[in-house]
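Worksheet for the structure shown next.
The values are calculated or read from the model by the stated rules, or taken from the named source; none is laboratory data. All values derive from a computational prediction rather than experimental measurement. All Cβ positions, glycine included, derive from the backbone under ideal geometry; neighbour counts span all protein chains shown. When the accessible area is computed, the model is the full protein with side chains, heavy atoms only, and any ligands, DNA or RNA have been set aside. Shrake-Rupley method; radii C 1.70, N 1.55, O 1.52, S 1.80 Å.
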Amino acid sequence: MSSTVLSSLYPQHLETLQTRAAEALRRSGHDHLVVPSGNVHYHAFDDRDYPFAVNPQFKAWLPLTQAPGSWLVITPGTRPKLIFLQPHDYWHVVPAAPAGYWAEHFDIEVIRTADAAIRLLPPVFRCAIVGEPHSALGSYVPNNPEPVMQYLEYHRAFKTPYEVEMMRQASRIGVRAHRAAERAFRAGASEFGIHLAYCQAAGQDANDLPYGNIVALNEHAAVLHYTHRDRLPPAPVRSFLIDAGASFGGYASDITRTYSAADDEFAAMIRAVDAAQLELCDMVRAGTDYAHIHLQAHRLLAGVLRDFGILKVSPEEALARGVSSAFFPHGIGHGIGLQVHDVAGFAASDAGGTIERPDGHPYLRLTRTLAPGMVVTIEPGIYFIDMLLDELKAKGQGDAVDWDRVDAFKPYGGIRIEDDVVCTDDAPLNLTREAFAA
């Protein structure tokens with residue numbers, strides 16, 4: 001993407017964040033919003049550090065993801081200030097001096113030691129300090145005032161045009177890598193080999209990716225968060241599920257695809273789930289209760305299971321009896337943006353409160369009503385998980401299922417298809433399908 005596009009969109013993004021910060025501070029009675037980037041964490045009883053993860057509240061303002069020990073100071077009515085730690089260090093790569101389309105909008109102070117930030121920060125008693133406890137510097141200890149957190153996190157669901165462009169680029173990187181992963185699968189690579197092909201194509205390693213890749217062949221696709229990655233392929237190879245994203249400037253994409261090794265009945269089921277998934281994506285419209293999309297996913301997936309002879313009951317009965325949850329045990333998706341599972345998924349308002357999940361659906365991660373600017377994942381799935389199927393029998397619901405048909409599909413593990421979809425004033429914008437089409 002041309003930096004010219006980002007440059008043109010960034011000022012409006014910054015203005016939106018300034019407006020949100022001013023209101024959050026008004027509600028909490030503070031004068032300054034102070035945001036540490038975060039610090040490096042070390043393993044217990046060791047001098048090895050964990051991969052650095054920047055404070056999401058920090059990277060919301062500027063695309064700096066590898067600047068530990070830095071600080072932002074936001075004071076309504078003035079330019080934001082970046083206190084940028086660029087240490088004298090010959091053991092590690094030192095962060096490059098701030099530059100790019102965003103830098104001209106900040107007053108930037110470069111410091112050489114972490115403690116030097118103290119003299120550049122406002123009086124501590126006037127500050128709302130938003131960060132993890134590990135970021136504390138002297139008396140500047142994150143206090144995370146509740147009114148500030150509630151307001152900022154609630155409104156982070158509404159992406160600016162700049163943020164949508166950042167996510168579009170993350171989607172393009174992710175799709176490029178998904179194409180490479182499918183080629184590796186078709187060529188007979190192991191789970192580990194497919195993972196390496198993905199990272200190579202994305203130009204991102206495990207520490208750069210927004211989450212650990214799920215690369216599952218055959219029955220491993222029935223493990224929802226399978227991250228083991230066998231070094232040798234199974235024999236025979238029947239199916240391939242990959243749930244993997246990419247990062248761009250601190251923003252994430254989250255994409256899942258499933259493939260069959262042959263044009264068989266499982267491939268037909270993948271096509272049926274794909275059709276249902278597209279129908280659900282089209283429901284990402286302003287005013288729609290996200291939980292309603294989740295319940296509709298159960299009906300559509302139960303319809304697929306019925307069409308393939310696995311369920312003996314109607315979709316409505318499968319949902320009412322909890323039978324569909326044995327095959328689709330997770331939520332239809334979640335908010336996405338600066339974090340893969342974005343915050344405030346259950347927030348009733350920007351002043352607090354909770355919107356509960358529907359009864360019997362404990363793993364749904366978002367219950368809010370959709371509005372323009374929200375970006376969500378839509379990820380229906382059908383799985384053949386022994387533990388859940390055994391529980392179904394134990395609950396006396398086994399009569400709803402043709403178990404011979406289950407046995408026929410079990411060796412394939414399962415199916416999941418996931419896109420990142422933007423709610424607009426009109427038709428949804430599917431960033432994932434857009435990237436695949438390109």
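Where nothing but the Cβ of Lys and Arg (+1) and of Asp and Glu (-1) is charged, how large is the charge dipole of region 139-264 around its Cα centre, in debye to the nearest 20?
360
What accessible area per residue comes out for region 121-216, rounded to a whole number of Å², with a 1.4 Å probe?
Here the residues of region 121-216 average 39 Å² of exposed surface.
Angle between the Cα long axis of helix 3-28 and the longest principal axis of the chain, 0 to 90 degrees, nearest 10?
Approximately 80 degrees, to the nearest 10.
Using the heavy atoms of the protein chains alone and a 1.4 angstrom probe, what is the accessible area of region 293-438 per residue in square angstrom?
On a per-residue basis, region 293-438 sits at 38 Å².
Evaluate 2.2 N^0.38 Å with N set to the residue count of region 274-432, then give the Cα radius of gyration divided by it.
Numbers: Rg = 16.3 Å, N = 159, 2.2 N^0.38 = 15.1 Å.
So region 274-432 has a normalised radius of gyration of 1.08.
Specify which residue in the list Thr4, Pro372, Leu152 is farthest towards the positive end of the charge dipole of the chain, using unit charges on the beta carbon of Lys, Arg (+1) and Asp, Glu (-1), about the Cα centre.
Checking the options against the dipole of the chain, the answer is Thr4.
Could you state the accessible area per residue of region 11-112 in Å², with a 1.4 Å probe and every protein chain left in place?
Solvent-accessible surface per residue comes out at 51 Å².
Dipole magnitude of the chain about its Cα centre, charges +1 at Lys/Arg Cβ and -1 at Asp/Glu Cβ only, in debye to the nearest 20?
The calculation lands at about 540 debye.
In region 1-117, carbon and sulfur make up what percent of the accessible area (probe 1.4 Å)?
Solvent-exposed carbon and sulfur of region 1-117 make up 54 percent of the total.
Could you let me know the centre-to-centre spacing of region 97-130 and region 289-368, using Cα atoms, in angstrom?
One Cα centre to the other: 42 Å.
Got a number for carbon plus sulfur as a percent of region 337-438's accessible area, 1.4 Å probe?
For region 337-438, the apolar C and S fraction of the accessible surface comes to 49 percent.
Run the accessible area of region 179-292 with a 1.4 Å probe and give the carbon-and-sulfur part as a rounded percent.
Working: 2500 of 4700 Å².
The computed percentage sits at 53.
Taking the structure as given and computing semi-axes √(5λ) of the Cα gyration tensor in Å, which label from [x] 48, 41, 16; [y] 42, 25, 19; [z] 38, 27, 19 fits?
The value computed from this structure is option [y].
With contacts defined as alpha carbon pairs under 8 Å and 6 or more residues apart, what's the relative contact order of the chain in percent?
15
Can you give me the angle between helix 161-186 and the longest principal axis of the chain, using Cα atoms only, in degrees from 0 to 90, rounded to the nearest 10?
40
Which Cα, out of Thr65, His88, Ala268, lies furthest along the positive dipole direction of the chain (beta carbon charges, K/R +1, D/E -1)?
Toward the positive end, the furthest listed residue is His88.
Using only Cα atoms and rounding to the nearest 10 degrees, what angle (0 to 90) does helix 290-307 make with the longest principal axis of the chain?
The angle comes out at about 20 degrees.
What aspartates and glutamates could a cross-link reach from Lys59, if we take a straight Cα to Cα line under 19 Å and drop same-chain neighbours fewer than 8 places away?
Glu15, Glu104, Asp107, Glu109, Glu132, Glu153, Glu163, Glu165, Asp208, Asp254, Asp342
Which one of Leu305, Leu392, Leu224 has its Cα pushed farthest toward the positive end of the charge dipole of the chain, where Lys and Arg give +1 and Asp and Glu give -1 at the Cβ?
The listed residue farthest towards the positive side: Leu224.
Report the Cα centroid-to-centroid distance between region 370-405 and region 173-227 in angstrom, as an integer.
Cα centres, region 370-405 to region 173-227: 24 Å.
About the Cα centre, and with charges only on the beta carbon of Lys, Arg (+1) and Asp, Glu (-1), how big is the dipole of region 225-363? Nearest 20 debye, please.
320
Could you sort the peptides 385-393, 170-178 by per-residue average Cβ neighbour count (10 Å cutoff), highest mean leading?
170-178, 385-393
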